[in-house]
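The values are calculated or read from the model by the stated rules, or taken from the named source; none is laboratory data. Remember, predicted model here, so these are calculated numbers, not experimental data. Cβ placement follows ideal geometry from the backbone for every residue including glycine, while neighbour counts extend to all protein chains displayed. Just the protein is used for accessible areas: all its heavy atoms, side chains included, with ligands, DNA and RNA removed. Shrake-Rupley method; radii C 1.70, N 1.55, O 1.52, S 1.80 Å.
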Amino acid sequence: MPTRDNILIGEMLVDEGMITAEQLDAALREQKKSGELICTILVRLGLVSEEKALTVLSRQLNISYVKLKDRDIDPLIINKVPAKFASHYKIIPLEFKDNYLTIAMANPLDVRILDDLKLILGFEVKGVLASEAEVLEMIRRYYGVGAETLEKMIAQKAPAERMMTQAGQAEDLEAMAEDASIVKFVNQILSEAIKDRASDIHLEPFQNELRTRFRIDGILYDVNTPETIKYFHPAIVSRIKIMSSLNIAERRLPQDGRFKIKVNDEELDLRVSIMPTAFGEAVHIRILSTRFFLELEKLGLLSEDLKIIESVIKRPHGIIFVTGPTGSGKSTTLYAALARINSSAIKIITIEDPVEYQLRGVNQVQVIPQIGFTFAAALRHMLRHDPDVMMVGEVRDYETAEIAIRAALTGHLVFSTLHTNDAAGAVTRLLDMGVEPFLVSSSLECLMAQRLVRMVCPKCKVPVKAKQELLSQIGGEVGNGLKGVDFYEGRGCEACRFTGYHGRTGIHELLLVTEPIRELILSHASSQQIKQKAITQGMRTLRQNGLEKAKAGITTLTEIVRVTQQEELPEE
């Protein structure tokens, strides 16, 4: 039911002309379902901006409105209110003077909260108005993720020394891992990571702390968690092991597992790796979503490159390599290519380590090196299943490379990846493995190097001129030609966690293996010679491709210089 406070707030906004009576009625009906504050609902529905609404309420109620995002709060003030009360009542302490505690809250009309806190804390409490989202962010910043849960566990459980033990019995660890508070805390970490768009979660034990980090848009960020998290390290790891169907009693050997969770009707696949370190077991969780980047159009390819790729992946035979370092999106690109050509008319088999995304209608094979089921062994058996298209997760050795290349020569289309810095380097890598030049030149159809770059946040992007330092790093006529060109950078806002970046896209170097390139391969030409020939035939290098995206305002010049290696660009 809509509360009296919500109705009163809504009527104030109507009186100020911020919303209509009909819009208020719609918001109150929504409030019946969600239980949210009326201001939160109006902002979510796009009927009013939060800042304007709170400014009006501040004037109407004669209560100060405080912006929290740029405010620093004394830790001594934070310690006046335990985490469990801050989280429960959704408040953040700001000042303490003359036995009066000033707190920021989204609904300062709720005298029940003020009375409760006065009784609990033992001093007078005064409320000021603030954005609910900013209050929650400040709670996370100053108390840490899951602080109230850990606080509750510390109060209820045995002494901290017992919680820190690494040598407990498996039965004890299992009981701790199934404790409702541990379950809740692990869920809070996962929820926070998903909300922050993290691709990876790292839990790393050190001598006196358990460090928590999220990888967001390719960069690692520390996550503020209470110091007391270190006392629950064994229980947290055991909980994650149980979720991943791993052996909680085994703490000496690495273990890998996975589990699934559902968030907002989307199923996420979480891949877990546990590794013993000097101070306990470290945990890495990779968050995968099948909805991301499984379309060629979403990979960030320029229109000309997209046309070339669409043409190449429809060829009847040959081998296509995607190159780049770990974490550059190679597998995602191959998945997108397979999804594009997948149909009932062709048979596709993949060999992976591990299988990251499930593709409908595709036979996906997981290699198990421990029992001798390697990429090469899987490839040999795969050829007996009459495939039209094959994907080999990675070519790591001569045997795998030779089988894959011979398969391409005998009428199969093969996709694979290599760890090289640029496209032309793939040729050198294959020759270094011992593959004959005539096999390489006959089978290769296309080589594509790629990197992932952070995109400018669309909500806070502003035009800027390139700094001389960046132009000097690019160098030559190309760098000089960028003087005076408008680029874009993000100033930093809540949507991008004040980084100026939101999301990632690819930059690519697409090398088509033409007859002149094949001749260079046969003559044992260096990768630099092959690259120069490809450039004369129209290939854009990674940096050139990146500069096109920077000029278009998709990413920043700083990001392109950071991600691409120093390379000699052709003079324009």
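Points to keep in mind about this one:
- Residue 89 being of a type in the set (Ser, Thr, Tyr), modelled with pLDDT under 85 and farther than 17 Å from residue 226 by Cβ: yes
- Filtered residues of the range 475-521 (kept if hydrophobic (A, V, I, L, M, F, W, C) and within 27 Å of residue 334 (Cα to Cα)): 507, 510, 511, 512, 513, 517, 520, 521
- Tally, over the range 475-494, of residues that are open to solvent by 10 Å² or more (accessible area, probe 1.4 Å) and on the phi < 0 side of the Ramachandran plot: 13
- Members of the range 110-145 that are in contact (Cβ under 8 Å) with a residue 60 or more places away in the chain and aromatic (Phe, Trp, Tyr): 142, 143
- Among residues of the range 245-268, those that are assigned to a loop (DSSP other than H, G, I, E, B), of a type outside the set (A, V, I, L, M) and either within 18 Å of residue 198 (Cα to Cα) or open to solvent by 50 Å² or more (accessible area, probe 1.4 Å) (or both), counted: 7
- Applying the criterion of being touching a residue at least 60 places away in the same chain (Cβ under 8 Å) and under 36 Å from the mean Cα position of the chain (by Cα) to the residues of the range 86-109, the residue that is most open to solvent (accessible area, probe 1.4 Å) is 88.
- Residue that is within 16 Å of the chain's Cα centre (by Cα), open to solvent by 70 Å² or more (accessible area, probe 1.4 Å) and either modelled with pLDDT under 75 or not aliphatic (A, V, I, L, M) (or both), where the choices are 197, 211, 162, 141: 197
- Long-range neighbours under 6 Å by Cβ, at least six apart or interchain, first residue farther than 13 Å from residue 553 by Cα and free of Cβ contacts under 8 Å to residues at least 24 places away in the same chain within the range 450-476, second surrounded by 13 or more Cβ atoms within 10 Å (Cβ to Cβ) and of a type outside the set (Lys, Arg): 471/479; 471/482
- If the condition is being in a loop (DSSP other than H, G, I, E, B) and open to solvent by less than 50 Å² (accessible area, probe 1.4 Å), then the range 353-375 contributes 354, 355, 356, 357, 359, 362, 367, 372.
- A Cβ distance below 9 Å, combined with a sequence gap of six or more or placement on separate chains, defines the contacts here; from the range 269-283, residues that are at positive phi and in a strand (DSSP E or B) reach residues that are at pLDDT below 90 and open to solvent by 50 Å² or more (accessible area, probe 1.4 Å) in the pairs 280/166; 280/251.
- Residue that is modelled with the lowest pLDDT, among those in the range 327-352 that are under 15 Å from residue 288 (Cβ atoms) and in a loop (DSSP other than H, G, I, E, B): 327
- Among the residues of the range 390-400, just one is assigned to a helix (DSSP H, G or I) and within 20 Å of residue 355 (Cα to Cα), namely 400.
- Across the range 376-389, the number of residues qualifying as open to solvent by less than 40 Å² (accessible area, probe 1.4 Å), touching a helix residue (DSSP H, G or I) at 6+ places or on another chain (Cβ under 7 Å) and either within 24 Å of residue 342 (Cβ to Cβ) or assigned to a loop (DSSP other than H, G, I, E, B) (or both) comes to 2.
- Residues in the range 390-409 that are open to solvent by 10 Å² or more (accessible area, probe 1.4 Å), under 15 Å from residue 318 (Cα atoms) and without any contact (Cβ under 8 Å) to a residue 60 or more places away in the chain: 402, 403, 406.
Residue-by-condition table, conditions (1) open to solvent by 10 Å² or more (accessible area, probe 1.4 Å); (2) farther than 26 Å from residue 541 by Cα; (3) of a type in the set (Val, Ile, Thr); (4) at pLDDT 90 or above:
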site: 418; (1), (2), (3), (4): no, no, no, yes
site: 440; (1), (2), (3), (4): no, no, yes, yes
site: 452; (1), (2), (3), (4): yes, no, no, yes
site: 473; (1), (2), (3), (4): yes, no, no, no
site: 498; (1), (2), (3), (4): yes, yes, no, no
